[in-house]
Structure formats: structure tokens, C-alpha cells
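Here is the structure we will look at, set down as C-alpha cells.
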Amino acid sequence: MPKKRRANGRNKPAGARGHVKRVFCEASGSMVAKDKAVKRFLVRNIVESAAIRDLQEACVYDSYTLPKLYRKVYYCISAAIHSKVVRVRSVEARRIREPPKRMRPTDKKEGAKKP
């Protein structure tokens, strides 16, 4: 039977280790191997955007920056596809192992370098 993926959807080299610890899927609650799970790092403001201005006006300190919420989220493959975190790729596109190019906003400051 032909193999669909080089490492069977896992992120470990062949013969590397036997078992990998499991993590909970964020969406479905199922247990999925940590190297197979779709991993995303969420960075959010603790306060919602509507209340940020009110808090900054009421704050005693002038240059106080609100802390952020950092969280690593794991999804099983089926939940990640269903919630559109990742997309199904064609057979040729599955061979591409490098991540897609990230679109970042360009800084228009004096010291910023242009690529």
C-alpha cells in the first residue's frame, strides 16, 4: 500500500523514538500525539479592544502597557481542518515542507531595513 506522507503525519525521524506524550486537542478534547498535533501560538490582549482606551485613561502610570495572554494551542488534524486552522493540500503541495511566507506589516520607521 502506498504511503501518503513521508513520516505518516508525524514530526519525528524514522527510528527516532518509540512513544511521544499526548496532548489534548483544543476543539474536540481528544488526545493526540504531540508531534502529530497542529500547534499554534496565540498572543492576545488580556483586555478586549473596546475597554483598552478606558483602562489607559484611568491608569495612574503614563506609559503602562497592558500584559498579553500567551498560550500554545494544540489541535488534532480533523479539528484543525474543520475549524479552518489548516487546509487540505494537493498531492504535489504535500511535498513542500517549508512553511508559507508570512505577510507582515512593514514598518515605516527611520531605522527599519527593507528586504
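What the table shows:
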{"read-out": "Strands (runs of 3 or more DSSP E) fully within region 1-90 counting 2 or more residues that are open to solvent by 70 Å² or more (accessible area, probe 1.4 Å) and modelled with pLDDT of 90 or more", "value": "22-24, 38-45, 68-75"}
{"read-out": "Residues of region 71-94 classified as among the charged types (D, E, K, R) and in contact (Cβ under 8 Å) with a residue 24 or more places away in the chain, total", "value": "3"}
{"read-out": "Residues within region 11-42 that are of a type outside the set (K, R) and in contact (Cβ under 8 Å) with a residue 12 or more places away in the chain, tallied", "value": "16"}
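The values are calculated or read from the model by the stated rules, or taken from the named source; none is laboratory data. Just so we're clear, the structure is a prediction, and the values are computed from it rather than from any experiment. Glycine gets a Cβ as well: all are built from the backbone with ideal geometry, and neighbour counts include every protein chain shown. Side chains are part of the model used for accessible areas, which takes the heavy atoms of the whole protein and leaves out ligands, DNA and RNA. Shrake-Rupley method; radii C 1.70, N 1.55, O 1.52, S 1.80 Å.
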